[in-house]
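Q: Dropping a structure here in structure tokens format, bear with me for questions.
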Amino acid sequence: MTFYLHTYGCQMNVRDSEAAAALLVAAGHEPVAQERAADLVVVNSCSVRGKAEDKALGKLRLLVKSKRTHPGRLVGAMGCMVQRLGPALLDQVPGLDFAVGTRASRHLPPLVSAALAGAAGQLVLGTADDTDVPHGHLAATPSAYVTVLLGCNRRCAYCIVPEVRGPESSRPPRDIVAEVAARVADGVREVTLLGQSVLNYGRQGSDVWAGEPASPGGYREPFPRLIEAVSAIPGLARVRFTSGHPSGCSEELARAMAELAPVAPHLHLPVQSGSDAVLGRMRRGYTAAEYVAAVERLRQRVPDCAITTDIIVGFPGETESDFAATRALFEQVRFDNSFIFKYSPRPGTRAAEWPDDVPDAVKEHRNRVLLDDQDRIGLARNEAWVGRTTEVLAEGPSLRNPRRWSGRNGQGKIVVFAPVEGLQAGDCVRVRIERAKPQTLYGVIENRGMTS
Ligand code: SAH
Ligand code: SF4
Ligand code: F3S
């Protein structure tokens, strides 16, 4: 069958979709670039906020309807919302051919075969001890995701992820290194190591490094050892990872980020709020001062390190002074970028037992205020790049203006520049920055840097 995958949610879902597509290809199905050309459409869903689920449900209902004009079409769902809703999903989307939960997507090909043979409304959910998840890939792009840590063991009061993704499980370092090396052999130049709380890698369960040689750089903590091992893979230009948590921002992590040349000077470090009262109720496990100290530890060793974050506005009980504390934290840390979300109660989480008492208009207002703060701070931080030269991994023609190219520098900033003759996606170029916007840098290629 021809197939198309729709992906909602985070990078982990993007990665899971790629692995699912690789499974379908191995089973003889053929990916197509447009949904309307597909006999099989699978929606990889997200549950993190109510709106994310509404989108996936709406999409699935439309797809089921499209069977009328597309005879023989199969419609399936996968991912976090499937895992959360379970059998209720089949009631909410009548006509769905199959649904497969997180950590269970290896069942996709047999589900498709059974659906082709006439089975309807099939459901397979993942279980907590399922670690046999697919790690296949499609054709190489300059940049690739590699999952290193499944699930999450934190219990942030607002968050559905631990329920839908299950407990933490660290992949063996050997498997990760082998996967990255295979990607590099295919032409990948940059990898992003993924985990919900990625710095927790190797901190649960048995010692993932048992039996492996000692770290050449003398690192003792499991995550710094991992980025050291990945950085040693020849031909890999850049190593990224996401998301961080302040508890993992150790002195050793800072040292590893400073010493390991391929490791990008960027950490996505969600803070969620600047108010200790709110952080406490969120059960984030740190105070605003501890968060700032973690950022300082990093910046001390890696002065150019970009710090980006996530914020939730309108968490239950968030007062004007709590919100003012978040704004003050923005001024103190000066994030390079931030993703701001309006609190959405998730059934079954602790916070959902408390009244969702910040009116939507107030959430909206706080959201806008922070976006404006971030724009101003982001612009100032980006303007500091004007006149400097930065190394950019070229990705291809820019979406807005195809005569220009775009890529990202180590800090993760989008850099737009005029291409030179013979430039290829995946080349590293040195770009002198001439102009800045809150989200983008503009410049000219100075000379070709570390092209392959
Ligand atoms: N594992 C990552 C976050 C994954 S969810 C981490 O902890 O760093 C991505 C972001 O969605 C979170 O950082 C948080 O800001 C937001 N989020 C999670 N649950 C939410 C909810 N119930 N309502 C609004 N935003 C939420
Ligand atoms: Fe959710 Fe917290 Fe785990 Fe992130 S660390 S996935 S916010 S529970
Ligand atoms: Fe959404 Fe699941 Fe990611 S809930 S944010 S797709 S882990």
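The values are calculated or read from the model by the stated rules, or taken from the named source; none is laboratory data. No experiment lies behind these values; they were computed from the predicted model shown. Glycine also receives a Cβ, built like all others from the backbone with ideal geometry; neighbour counts cover every protein chain displayed. The protein model used for the area step is the full one, side chains on, heavy atoms only, and it has no ligands, DNA or RNA in it. Shrake-Rupley method; radii C 1.70, N 1.55, O 1.52, S 1.80 Å.
Q: Quick one: how many residues across the range 309-322 are in a helix (DSSP H, G or I) and either in contact with a Leu (Cβ under 7 Å, 6 or more places away or on another chain) or within 16 Å of ligand 2 (Cβ to nearest atom) (or both)? Step through it out loud before you land on a result.
A: Narrowing the range 309-322 to residues in a helix (DSSP H, G or I): 320-322.
So of that shortlist, the ones also either in contact with a Leu (Cβ under 7 Å, 6 or more places away or on another chain) or within 16 Å of ligand 2 (Cβ to nearest atom) (or both) come out as none.
Of the residues in the range 309-322, 0 are in a helix (DSSP H, G or I) and either in contact with a Leu (Cβ under 7 Å, 6 or more places away or on another chain) or within 16 Å of ligand 2 (Cβ to nearest atom) (or both).
Q: Only residues that are closer than 24 Å to Gly79 by Cβ, open to solvent by 10 Å² or more (accessible area, probe 1.4 Å) and out of contact with any helix residue (DSSP H, G or I) (no Cβ under 8 Å at 6 or more places or on another chain): list them for the range 163-213, please.
A: Gly166, Pro167, Ser169, Arg171, Asp175, Glu179, Gln204
Q: Right, next: Return yes or no: is Thr102 in contact with a Lys or Arg (Cβ under 7 Å, 6 or more places away or on another chain), within 16 Å of ligand 2 (Cβ to nearest atom) and closer than 21 Å to Phe3 by Cα?
A: Details: in contact with a Lys or Arg (Cβ under 7 Å, 6 or more places away or on another chain): yes; within 16 Å of ligand 2 (Cβ to nearest atom): yes; closer than 21 Å to Phe3 by Cα: yes.
In short, yes.
Q: Report yes if some residue within the range 42-58 is of a type outside the set (Gly, Ala, Ser), open to solvent by 10 Å² or more (accessible area, probe 1.4 Å) and more than 16 Å from ligand 1 (Cβ to nearest atom); otherwise report no.
A: Looking through the range 42-58, at least one residue is of a type outside the set (Gly, Ala, Ser), open to solvent by 10 Å² or more (accessible area, probe 1.4 Å) and more than 16 Å from ligand 1 (Cβ to nearest atom).
Q: Please verify whether the range 323-341 includes one or more residues that are more than 30 Å from Glu228 (Cβ to Cβ), open to solvent by 50 Å² or more (accessible area, probe 1.4 Å) and within 16 Å of ligand 2 (Cβ to nearest atom). So that I can check it myself, show each step before the final result.
A: Taking the range 323-341 as the starting set, the residues that turn out to be more than 30 Å from Glu228 (Cβ to Cβ) are 323-332, 340-341.
Narrowing further to those that are open to solvent by 50 Å² or more (accessible area, probe 1.4 Å): 324, 327-328, 331-332, 341.
Pick out the ones that are also within 16 Å of ligand 2 (Cβ to nearest atom) and you get 341.
Checked against the condition, which is being more than 30 Å from Glu228 (Cβ to Cβ), open to solvent by 50 Å² or more (accessible area, probe 1.4 Å) and within 16 Å of ligand 2 (Cβ to nearest atom), the range 323-341 yields at least one hit.
Q: Next up: How many residues are in a loop (DSSP other than H, G, I, E, B) and more than 26 Å from Ser321 (Cα to Cα) if we restrict to the range 229-247? Don't jump to the end; show me each part of the working.
A: From the range 229-247, those in a loop (DSSP other than H, G, I, E, B) are 232-237, 243-245; that's our starting set.
Subset that is more than 26 Å from Ser321 (Cα to Cα): 232-237, 243-244.
Of the residues in the range 229-247, 8 are in a loop (DSSP other than H, G, I, E, B) and more than 26 Å from Ser321 (Cα to Cα).
Q: Which numbered condition in (1) on the phi < 0 side of the Ramachandran plot; (2) within 16 Å of ligand 2 (Cβ to nearest atom); (3) touching a strand residue (DSSP E or B) at 6+ places or on another chain (Cβ under 8 Å) is the only one that Val208 fails?
A: Of (1) on the phi < 0 side of the Ramachandran plot; (2) within 16 Å of ligand 2 (Cβ to nearest atom); (3) touching a strand residue (DSSP E or B) at 6+ places or on another chain (Cβ under 8 Å), only one is false for Val208: (2).
Q: Also, quick follow-up: Checking Gln83 against (1) over 21 Å from His107 (Cα atoms); (2) in contact with a Ser or Thr (Cβ under 7 Å, 6 or more places away or on another chain); (3) among the polar types (S, T, N, Q), only one condition comes out false. Which one?
A: The single condition Gln83 does not satisfy is (1).
Q: Specify the residue that is least open to solvent (accessible area, probe 1.4 Å); the eligible residues are those in the range 342-362 that are among the charged types (D, E, K, R) and near ligand 1 (Cβ under 9 Å from one of its atoms). Spell out how you get there, then give the answer.
A: Going residue by residue through the range 342-362, those that are among the charged types (D, E, K, R) are 342, 346, 350, 353, 356-357, 360.
Okay, now just the ones that are also near ligand 1 (Cβ under 9 Å from one of its atoms), so 342, 346.
Working: Lys342: 53, Arg346: 11 Å².
Within the range 342-362, the match that is least open to solvent (accessible area, probe 1.4 Å) is Arg346.
Q: For Asp375, all conditions in the list (1) open to solvent by 40 Å² or more (accessible area, probe 1.4 Å); (2) part of a loop (DSSP other than H, G, I, E, B); (3) in contact with a Pro (Cβ under 7 Å, 6 or more places away or on another chain) hold save one; what is the number of the exception?
A: Single failed check for Asp375: (2).
Q: Go through the range 424-444 and give me each residue that's of a type in the set (Asp, Glu) and in a loop (DSSP other than H, G, I, E, B). I'd like the intermediate steps shown before the answer.
A: Of the residues in the range 424-444, the ones of a type in the set (Asp, Glu) are 427, 434.
Residue satisfying the conditions is Asp427 alone.
Q: What residue, of Ala20, Ala52, is within 23 Å of the chain's Cα centre (by Cα), within 16 Å of ligand 2 (Cβ to nearest atom), not assigned by TED's automatic domain parsing to the domain that holds Pro270 and not charged (D, E, K, R)?
A: Values: Ala20 fails: within 16 Å of ligand 2 (Cβ to nearest atom).
Of the residues listed, the single one that is within 23 Å of the chain's Cα centre (by Cα), within 16 Å of ligand 2 (Cβ to nearest atom), not assigned by TED's automatic domain parsing to the domain that holds Pro270 and not charged (D, E, K, R) is Ala52.
Q: Condition first: more than 16 Å from ligand 3 (Cβ to nearest atom) and of a type in the set (Lys, Arg). Can you find one or more residues in the range 22-43 that meet it? Give the steps one after another, and end with the answer.
A: Of all residues in the range 22-43, those more than 16 Å from ligand 3 (Cβ to nearest atom) come to 22-41.
Still in the list and also of a type in the set (Lys, Arg): 36.
Looking for residues that are more than 16 Å from ligand 3 (Cβ to nearest atom) and of a type in the set (Lys, Arg), one finds at least one in the range 22-43, hence yes.
Q: From the list Arg240, Arg220, Arg203, pick out the single residue that is in contact with a strand residue (DSSP E or B) (Cβ under 7 Å, 6 or more places away or on another chain) and either more than 16 Å from ligand 3 (Cβ to nearest atom) or outside the structural domain of Tyr286 (by TED's automatic domain parsing) (or both).
A: Result: Arg240 is the single residue among Arg240, Arg220, Arg203 that is in contact with a strand residue (DSSP E or B) (Cβ under 7 Å, 6 or more places away or on another chain) and either more than 16 Å from ligand 3 (Cβ to nearest atom) or outside the structural domain of Tyr286 (by TED's automatic domain parsing) (or both).
Q: So which residues in the range 181-200 are of a type outside the set (A, V, I, L, M, F, W, C) and either in the same structural domain as Ala425 (by TED's automatic domain parsing) or part of a loop (DSSP other than H, G, I, E, B) (or both), if there are any at all? Before the answer, list the steps.
A: The initial filter retains those residues of the range 181-200 that are of a type outside the set (A, V, I, L, M, F, W, C), namely 183, 186-187, 189-190, 192, 195-197, 200.
Correct list: Gly187, Arg189, Gly195, Gln196, Ser197.
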